[in-house]
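Below: the structure, in structure tokens.
The values are calculated or read from the model by the stated rules, or taken from the named source; none is laboratory data. Nothing here was measured: the structure is a model prediction, and the numbers come from that model. When we count neighbours, we look across all protein chains shown, and the Cβ atoms used for this are built from the backbone with ideal geometry, even at glycine.
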Amino acid sequence: MPILVMKFGGTSVADLARIRNAAGKVAEEVARGNDVIVIVSAMAGRTNELVGWVDGIAPLHDAREYDAVVSSGENITAGLMALTLQDMDIPARSWQGWQVPLRTSSAHGAARILDIPRDNLDAKFAEGMKVAVVAGFQGISPEGRITTLGRGGSDTTAVAFAAAFDAVRCDIYTDVDGVYTADPRICDGARRLDRIAFEEMLELASLGAKVLQTRSVELAMRYKVPLRVLSSFEQTDETSGTVVCDEEETMESRVVSGVAHSRDEAKITLLSVADRPGIAAAIFGPLAEAGVNVDMIVQNISEDGRTDMTFSCPVGQLERARKAMTDARDRGDFRFVELVTDTGVAKVSVVGIGMRSHAGVAARMFQALAREGINIKVITTSEIKISVLIDRKYMELAVQALHDAFELDKIP
Ligand code: ASP
Ligand code: MG
């Protein structure tokens, strides 16, 4: 029997009616002749509530007990989904992570998946079970404790099961009907893409397009698991949604496939640091130790042996970054004259594998921003992406201008 993996996110299982609706989609796939592994998230809002309870007791909590609490939302949904399927006369059984077992590292709160042995589920499928409903987001550590995979981790659970069971596909059901060329809420003419390459999806996911957890896309790319993103709130068939797949399988070669944005950025500049070997290491070492996710970096041309160093990070990490820098200065690691912060910035990026073979993408991007009078503060590039940091008040204008400049509304 071919195995299909279907994953339902929190909004798709938010109440009993929605669980029944999702079960209906599973029933359709069983009727098509598939054995199905269903991965479920917690009901919408549930994980946040559980995290809130843990934080309410102790902000610096024991990570093992955090996992014991926050993993529980998925257990409820898994049981309810199995009951709903049974009620529809479909042989179904629920599994918590440890029962499968989904083996992980012991990095509580952000565990890595090590292994998913097939034996237990395969034996049940051989006995006639049609659907295994598995609680997403959770596993078991080598020490035998419950672990969780990090927020949004059910996507990664789904892809890992698809890889372990050689699934024909991994369908991710959510509250949007696919991956768009830009966020439709801020960009008129944003189009749903039929197909997108893994690399592009990876960039879009890490740039703040929140459809899929970044790790799940990495895993899908590594194991070549065809992924499909589709809506659980609409009638769906084999052609619905967006397929995330290998580059060779994406039909058209577009130069740019999407415009991404990320609102919550901050910019920090250290004025007048010494320009000598080791200074960047002295600055970015303590930032890394403080858990600051540094994104863009610019170093100015130096004058009289001194230079300015600018970097960006999520706005929520700004105070941590400031403390790491002033502590390092007080320790005498390096000196700066002033630390200047800017919390009113946003990042806008264009992404496309076509950039590898097409020149002029940067010029076209910068011209489009210039026409709107938008000043660029920082620029970074990768092989398939160009990002700029701009004033946040121009973010939506910039997204729209770039969408127009690359004619993304004309994508068929
Ligand atoms: N329920 C978890 C979360 O909200 C995992 C997931 O839904 O993917 O992060
Ligand atoms: Mg999610």
Being of a type in the set (Phe, Trp, Tyr), farther than 21 Å from VAL244 by Cβ and buried (at least 18 other Cβ atoms within 10 Å of the Cβ) narrows PHE125, PHE137 down to just PHE125
Check: assigned to a helix (DSSP H, G or I), surrounded by 16 or more Cβ atoms within 10 Å (Cβ to Cβ) and more than 12 Å from ligand 1 (Cβ to nearest atom) - does that describe any residue in the range 49-59?
Finding: yes
In the range 209-225, residues that are within 12 Å of ligand 1 (Cβ to nearest atom), surrounded by fewer than 23 Cβ atoms within 10 Å (Cβ to Cβ) and under 20 Å from PHE165 (Cα atoms) total 1
For the range 208-225, pairs from a residue that is more than 18 Å from TYR180 (Cβ to Cβ) and basic (Lys, Arg) to a residue that is part of a helix (DSSP H, G or I) and within 16 Å of ligand 1 (Cβ to nearest atom), with Cβ under 8 Å and 6 or more apart or across chains, are ARG215/ASP155; ARG215/THR156
Flagged in the range 262-292 as within 15 Å of VAL378 (Cβ to Cβ) and either surrounded by fewer than 16 Cβ atoms within 10 Å (Cβ to Cβ) or of a type outside the set (Lys, Arg) (or both), in numbering order, are SER262, GLU265, ALA266, ILE268, THR269, LEU270
Filter pass, GLU65 being crowded, with 17+ Cβ neighbours inside 10 Å and either not in a loop (DSSP other than H, G, I, E, B) or not aliphatic (A, V, I, L, M) (or both): no
Among the residues of the range 126-143, the number that are touching a strand residue (DSSP E or B) at 6+ places or on another chain (Cβ under 6 Å), within 16 Å of ligand 2 (Cβ to nearest atom) and either of a type in the set (A, V, I, L, M) or at positive phi (or both) is 2
Per the filter on the range 144-164, residues crowded, with 20+ Cβ neighbours inside 10 Å and either away from ligand 1 (no atom under 16 Å from the Cβ) or among the aromatic types (Phe, Trp, Tyr) (or both) are PHE161, ALA164
Per the filter on the range 25-48, residues part of a helix (DSSP H, G or I) and among the acidic types (Asp, Glu) are GLU28, GLU29
So, first residue more than 13 Å from ligand 2 (Cβ to nearest atom) in the range 167-179, second residue in a loop (DSSP other than H, G, I, E, B) and aliphatic (A, V, I, L, M), Cβ within less than 6 Å, six or more apart or across chains; the pairs are CYS170/VAL225; VAL179/LEU193; VAL179/VAL211
Of the residues in the range 190-200 that are over 21 Å from ASP264 (Cβ atoms) and aliphatic (A, V, I, L, M), the one that is nearest to ligand 1 (Cβ to nearest atom) is ILE196
Scanning the range 130-173 residue by residue, those closer than 26 Å to ASP62 by Cβ and of a type in the set (Lys, Arg) turn out to be ARG145, ARG151
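Within the bounds of the range 109-118, is there any residue that is part of a loop (DSSP other than H, G, I, E, B), small (Gly, Ala, Ser), farther than 28 Å from CYS245 by Cα and within 16 Å of ligand 1 (Cβ to nearest atom)?
So in the range 109-118, the residues part of a loop (DSSP other than H, G, I, E, B) come out as 109-112, 116-118.
With small (Gly, Ala, Ser) added as a condition, the list becomes 109-111.
Of the ones still in play, those that are also farther than 28 Å from CYS245 by Cα are 109.
With the extra rule that they be within 16 Å of ligand 1 (Cβ to nearest atom), the set shrinks to 109.
Yes, there is a match, as at least one residue in the range 109-118 is part of a loop (DSSP other than H, G, I, E, B), small (Gly, Ala, Ser), farther than 28 Å from CYS245 by Cα and within 16 Å of ligand 1 (Cβ to nearest atom).
Could you look through the range 5-30, keep only residues that are over 14 Å from ALA92 (Cβ atoms) and away from ligand 2 (no atom under 16 Å from the Cβ), and pick out the one that is surrounded by the most Cβ atoms within 10 Å (Cβ to Cβ)? Working first, answer last.
Start the filter on the range 5-30 by keeping residues that are over 14 Å from ALA92 (Cβ atoms), which leaves 5, 7, 9-18, 21, 28.
Okay, now just the ones that are also away from ligand 2 (no atom under 16 Å from the Cβ), so 15-17, 21, 28.
Values: ASP15: 11, LEU16: 12, ALA17: 8, ASN21: 17, GLU28: 13.
Per the stated criteria, the residue is ASN21.
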Among strands (runs of 3 or more DSSP E) entirely inside the range 315-412, those with 3 or more residues being crowded, with 16+ Cβ neighbours inside 10 Å and at pLDDT 95 or above are 338-351, 385-391
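Take the conditions assigned to a loop (DSSP other than H, G, I, E, B) and aliphatic (A, V, I, L, M) and apply them to ALA78. Does it pass?
No, not satisfied.
With the requirement that a residue be among the small types (Gly, Ala, Ser), surrounded by fewer than 21 Cβ atoms within 10 Å (Cβ to Cβ) and either touching a Gly at 6+ places or on another chain (Cβ under 6 Å) or more than 21 Å from MET88 (Cα to Cα) (or both), what does the range 31-48 give you? I'd like the intermediate steps shown before the answer.
Step one: filter the range 31-48 for residues among the small types (Gly, Ala, Ser), giving 31, 33, 41-42, 44-45.
If we keep only those that are surrounded by fewer than 21 Cβ atoms within 10 Å (Cβ to Cβ) as well, we get 31, 33, 44-45.
Once the filter is applied, which keeps residues that are among the small types (Gly, Ala, Ser), surrounded by fewer than 21 Cβ atoms within 10 Å (Cβ to Cβ) and either touching a Gly at 6+ places or on another chain (Cβ under 6 Å) or more than 21 Å from MET88 (Cα to Cα) (or both), the range 31-48 yields ALA44, GLY45.
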When (1) in contact with a helix residue (DSSP H, G or I) (Cβ under 9 Å, 6 or more places away or on another chain); (2) under 25 Å from VAL211 (Cα atoms); (3) in contact (Cβ under 8 Å) with a residue 40 or more places away in the chain are applied to LEU50, the one that fails is (3)
_Residue check for GLY278: within 19 Å of the chain's Cα centre (by Cα) and away from ligand 1 (no atom under 16 Å from the Cβ)_ = no
Query raised in the report: With respect to GLU383, is the statement that it is touching a His at 6+ places or on another chain (Cβ under 9 Å) and either touching a residue at least 40 places away in the same chain (Cβ under 8 Å) or under 26 Å from ARG195 (Cβ atoms) (or both) true?
Result: no
Residue check: is VAL298 assigned to a strand (DSSP E or B) and closer than 29 Å to ALA274 by Cβ?
yes
Notebook entry, point to check: Does LEU270 satisfy the condition of being among the hydrophobic types (A, V, I, L, M, F, W, C) and within 20 Å of VAL159 (Cα to Cα)?
Noted result: no
